[in-house]
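The values are calculated or read from the model by the stated rules, or taken from the named source; none is laboratory data. None of these values were measured; they are calculated from a predicted model. Every residue, glycine among them, receives a Cβ derived from its backbone with ideal geometry; neighbour counts consider all protein chains shown. Surface accessibility is based on the protein's heavy atoms, side chains included, excluding ligands, DNA and RNA. Shrake-Rupley method; radii C 1.70, N 1.55, O 1.52, S 1.80 Å.
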Amino acid sequence: MRPHNIFSIFVPTFFLMKGYLKRNSADNFKKVVNSATSVVILTHTNPDGDALGSVIALKSYLSTLGVRSRIVVPNPYPKNLKFLDSDGDVIIYSWKKESAERVIKSADLIIALDFNQLKRIDDLEPLVRNSSAKKILIDHHPLPEKEAFDLVISNTEVSSTCELLFWLIREMEDGSINRIPDISAQSLYVGMMTDTNNFSNSVEAGTFLMSYELLLHGVDKETLQLKVFAGFTEERMRLMGHSLLNKMKILPELGAGYIILTKSELDEFKFLEGDSEGFVNMPLNIYGITISALFTEKDEHIRVSLRSSDDFSVNQFSRKYFNGAGHERAAGGRLYIPVEEVGEYFEESLRKELEAN
Ligand code: 5GP
Ligand code: MN
């Protein structure tokens, strides 16, 4: 990879970095990591690009400090992200329960990335909660469950966990990313790119500075774009067409739109994890629509995805009605009702929430 050039030592970068991290975060993190002998890095159920990108970037970076670590995720990540885990380092709990449990039980340090409530790791929650290992959180969601962690590095002003991790690593490296491994650079870029929906949401000035530095470092943005956003099956594209043509319901009087996909539809279009990524944003492209939802029927629950393009808080909406949480403009949750009742439940809940605000 190309070395840094002089232009990357910009003064604004220095100030931004200081603003994103609390004083001593990097020193504290370094201290805890250096005194650990068995490190496990964890992320949330249904890992997305930011989740997978951050765990892989951190593992690879820690190895340059001489710290070995293992990665555990609760269930599989989407196929189009497999290239990030090219060595197959990620232990998927739902596939390898015993080995995931063994690794967590023997850990003396657990680092949680891209989630902030232990319930987001589902069946792994009790094991992690009851573990005597030290626990560190690095995350960008509001209202972290602080009491569950010994060190919390949290900031909601960044685009992604990968961005926060970028600033943390940069500070640990005294303000330069010259020495970070190529795998870390690439993974951090992918996590930021996917969490911002390809530079369209939650992009702040610092996000561009981070991108700038990673591109100077040699990250190949065209290849990553193709791998992440052009790796779908034909069935996925047709499911998208079906969702827009036949399933999207628009409620102009509420400024909202939603899509419900049943299990049989998902089967018909040979649904793979990650295929519906981005669908929830589509109603927001319609004039006057500022709230949107996507519901997908799973075996034991309905998965809920919520978005807003104004000051309507889908984080609050999800906490109140959908057993979930997230960010102000992007949140998720679960429903435990028959799929036939979801439309009416959503419309009623939204009416109540809009009246209450
Ligand atoms: P997505 O709609 O892309 O699955 O999720 C949007 C945001 O909401 C993400 O930041 C994600 O972490 C959060 N989120 C998604 N599902 C859940 C959930 O079931 N519980 C909580 N607490 N957050 C969720
Ligand atoms: Mn994220």
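So which of 226, 209, 188 is over 28 Å from residue 291 (Cβ atoms) and free of Cβ contacts under 8 Å to residues at least 40 places away in the same chain?
Only one candidate passes the filter, namely 226.
Considering only residues of segment 160-177 that are farther than 14 Å from residue 19 by Cα and within 16 Å of ligand 1 (Cβ to nearest atom), which is surrounded by the fewest Cβ atoms within 10 Å (Cβ to Cβ)?
Filtering first and then ranking leaves 160.
Of the residues 36, 57, 100, 107, which single one is open to solvent by less than 40 Å² (accessible area, probe 1.4 Å), closer than 30 Å to residue 198 by Cβ and at pLDDT 95 or above?
57
Check 221, 249 and return the single one that is open to solvent by 70 Å² or more (accessible area, probe 1.4 Å) and over 30 Å from residue 67 (Cα atoms).
Result of the check over 221, 249: 249.
Does any residue in segment 129-158 that is in contact (Cβ under 8 Å) with a residue 40 or more places away in the chain and in the same structural domain as residue 113 (by TED's automatic domain parsing) come within less than 6 Å, Cβ to Cβ, of a residue that is open to solvent by less than 50 Å² (accessible area, probe 1.4 Å) and among the charged types (D, E, K, R) six or more places away or on a different chain, and which pairs are these?
Listed pairs, sorted by first residue: 150/135.
Only residues that are more than 25 Å from the chain's Cα centre (by Cα) and assigned to a helix (DSSP H, G or I): list them for segment 252-267, please.
We begin by selecting, within segment 252-267, every residue more than 25 Å from the chain's Cα centre (by Cα); these are 252-255, 264-265, 267.
Within segment 252-267, 252, 253, 254, 264, 265, 267 meet the criteria.
Go through 111, 136 for me and flag whichever is touching a Phe, Trp or Tyr at 6+ places or on another chain (Cβ under 7 Å) and not in a helix (DSSP H, G or I).
136
Filter segment 281-308 for residues that are farther than 18 Å from residue 120 by Cβ and either near ligand 1 (Cβ under 9 Å from one of its atoms) or among the hydroxyl-bearing types (Ser, Thr, Tyr) (or both) and give the result.
Once the filter is applied, which keeps residues that are farther than 18 Å from residue 120 by Cβ and either near ligand 1 (Cβ under 9 Å from one of its atoms) or among the hydroxyl-bearing types (Ser, Thr, Tyr) (or both), segment 281-308 yields 287, 290, 292, 294, 307, 308.
Considering only segment 99-108, I want to know if a residue exists there that is within 30 Å of residue 23 (Cβ to Cβ) and in the same structural domain as residue 223 (by TED's automatic domain parsing).
Within segment 99-108, one or more residues are within 30 Å of residue 23 (Cβ to Cβ) and in the same structural domain as residue 223 (by TED's automatic domain parsing).
Restricting to segment 182-202, give me the number of residues that are assigned to a loop (DSSP other than H, G, I, E, B), farther than 20 Å from residue 79 by Cα and either over 17 Å from the mean Cα position of the chain (by Cα) or at pLDDT below 95 (or both).
First, pick out the residues of segment 182-202 that are assigned to a loop (DSSP other than H, G, I, E, B): 196-202.
Going one step further and asking which of them are farther than 20 Å from residue 79 by Cα, we end up with 199-202.
Restricting the remaining residues to those that are either over 17 Å from the mean Cα position of the chain (by Cα) or at pLDDT below 95 (or both) gives 200-202.
Number satisfying all stated conditions: 3.
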